[in-house]
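Student: Take a look at the following structure, please.
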Amino acid sequence: MSTVTVAGPTGTSMRGLLTAQLLKLRTRGGLILLALNLLLPLAVLVVTLAMGQQTFDLTGADLARPLTDAIDNPLLALILVAVVAGADYRHGTVVPTLLAEPRRLRVALSTLLAAGGIGVAIAAVCAALGAAIALPWLATQGVPIGDVLTDPDLWWRILGQTTVMAVLSLIGASLAILLRGALGSILTVLGISFGEGFLAGLLGPQSVSWGLFSSLDRLGDPTAADLGGPIWQPVLVVVGVLTAVVAAALVSTARRDAA
């Protein structure tokens, strides 16, 4: 972000705090990242369809994979919310923010709520735009659109992808609060992702079955036949990691207040 972000809330209510967080999206950097979040997955979708995805032997929700794949951009969403959550630290406006609202936990909670909302909103918009592109294409392929839309697997997949977007957005914002900046948050998450990938390539996929990104992949497509274990396993991992990171961010904020 190149311009000054909003330093404090527009009021002492939670609504005012949330408004202040969301106003950070109006800076040049925020708008660029927001545009990338919305346009890049759709560009991939258009290229995929232009290359002629085959529909032979596919049924139900599998025919709508272009639609659900358009939602699958959690790392871009994480970068956006990390930048928003870390903006006050980057621009040195955190002190005026906390002076305007001395209840530190409310400020932290507003950041987390805004982050989760941004992740869900991006997923919803991408799903709608993806549907506007993918469904007419499916219709031109002679696919019964009603069969696709009434397949419960499609809606489970949309729910899974949206959950992943919200979870990574909350993790990114929590780490930005904990580490007092966006860069540390982004590098931490990328390090975990690359680390899991390296271990999976070295020791096999089972070695990271309890890993964060392995669990997120399984939650993102809960209808997959090769989940590699009971669904409660990735849920337990994701809930545990999310709870720990959010709690750490809130505790650090409270201690910072006490100091």
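Student: Taking R15, is it surrounded by fewer than 17 Cβ atoms within 10 Å (Cβ to Cβ), among the charged types (D, E, K, R) and modelled with pLDDT of 70 or more?
Tutor: Considered against the rule, which asks whether it is surrounded by fewer than 17 Cβ atoms within 10 Å (Cβ to Cβ), among the charged types (D, E, K, R) and modelled with pLDDT of 70 or more, R15 comes out as yes.
Student: While we're looking at this one, here's another question. Going by what's in this entry, would P230 be described as surrounded by fewer than 15 Cβ atoms within 10 Å (Cβ to Cβ) and not in a helix (DSSP H, G or I)? Outline the logic, then answer.
Tutor: On the way: surrounded by fewer than 15 Cβ atoms within 10 Å (Cβ to Cβ): yes; not in a helix (DSSP H, G or I): yes.
Against the criterion (surrounded by fewer than 15 Cβ atoms within 10 Å (Cβ to Cβ) and not in a helix (DSSP H, G or I)), P230 qualifies.
Student: A further question on this structure: Just to check your reading of the model, which residue among A200, A128, A134, A139 is buried (at least 22 other Cβ atoms within 10 Å of the Cβ) and either of a type in the set (A, V, I, L, M) or assigned to a helix (DSSP H, G or I) (or both)?
Tutor: Step by step, each of A200, A128, A134, A139 is checked, and only A134 is buried (at least 22 other Cβ atoms within 10 Å of the Cβ) and either of a type in the set (A, V, I, L, M) or assigned to a helix (DSSP H, G or I) (or both).
Student: Still on this structure: Considering only the stretch 227-244, I want to know if a residue exists there that is among the polar types (S, T, N, Q), within 30 Å of T93 (Cα to Cα) and out of contact with any helix residue (DSSP H, G or I) (no Cβ under 9 Å at 6 or more places or on another chain).
Tutor: Within the stretch 227-244 (the criterion being among the polar types (S, T, N, Q), within 30 Å of T93 (Cα to Cα) and out of contact with any helix residue (DSSP H, G or I) (no Cβ under 9 Å at 6 or more places or on another chain)), the answer is yes, since at least one residue qualifies.
Student: Hey, among T223, T162, which residue is hydroxyl-bearing (S, T, Y), surrounded by 15 or more Cβ atoms within 10 Å (Cβ to Cβ) and modelled with pLDDT under 85?
Tutor: Checking each option against the conditions leaves just T223.
Student: Taking only pairs six or more apart or across chains, which ones have beta-carbon atoms under 7 Å, a first residue in the stretch 138-165 that is acidic (D, E), and a second residue that is outside any helix (DSSP H, G or I)?
Tutor: Here the result reads D153/T223, each pair linking the stretch 138-165 to a residue that is outside any helix (DSSP H, G or I).
Student: Answer yes or no as to whether S207 is modelled with pLDDT of 85 or more, polar (S, T, N, Q) and either more than 20 Å from L109 (Cα to Cα) or in contact with a Gly (Cβ under 6 Å, 6 or more places away or on another chain) (or both).
Tutor: Here the answer is no, as S207 does not meet what is asked.
Student: So which helices (runs of 4 or more DSSP H) are wholly in the stretch 62-123 and hold at least 3 residues that are within 18 Å of V251 (Cβ to Cβ) and at pLDDT below 85? First the steps, then the outcome.
Tutor: Values: elements: 65-69, 74-91, 94-100.
By residue number, no helices (runs of 4 or more DSSP H) qualify.
Student: Looking at the stretch 204-213 only, could you name the residues that are under 22 Å from L80 (Cα atoms) and either without any contact (Cβ under 8 Å) to a residue 24 or more places away in the chain or in a loop (DSSP other than H, G, I, E, B) (or both)? Break it down into steps so the answer makes sense when it comes.
Tutor: Going residue by residue through the stretch 204-213, those that are under 22 Å from L80 (Cα atoms) are 212-213.
Across the stretch 204-213, the qualifying residue is only F213.
Student: Something else: Report yes if G191 is in a helix (DSSP H, G or I), free of Cβ contacts under 8 Å to residues at least 24 places away in the same chain and within 28 Å of A124 (Cα to Cα), otherwise no.
Tutor: yes
Student: For G201, work out the one condition from (1) farther than 14 Å from V83 by Cβ; (2) touching a Phe, Trp or Tyr at 6+ places or on another chain (Cβ under 9 Å) it doesn't fulfil.
Tutor: For G201, the failing item is (2).
Student: Give G240, G191, G197 a once-over and let me know the one that is under 20 Å from the mean Cα position of the chain (by Cα) and within 16 Å of T163 (Cα to Cα).
Tutor: Exactly one of G240, G191, G197 is under 20 Å from the mean Cα position of the chain (by Cα) and within 16 Å of T163 (Cα to Cα), namely G240.
The values are calculated or read from the model by the stated rules, or taken from the named source; none is laboratory data. Please read all numbers here as calculations on a predicted model, not as lab measurements. Cβ sites come from the backbone with ideal geometry, for glycine too, and all protein chains shown count toward neighbours.
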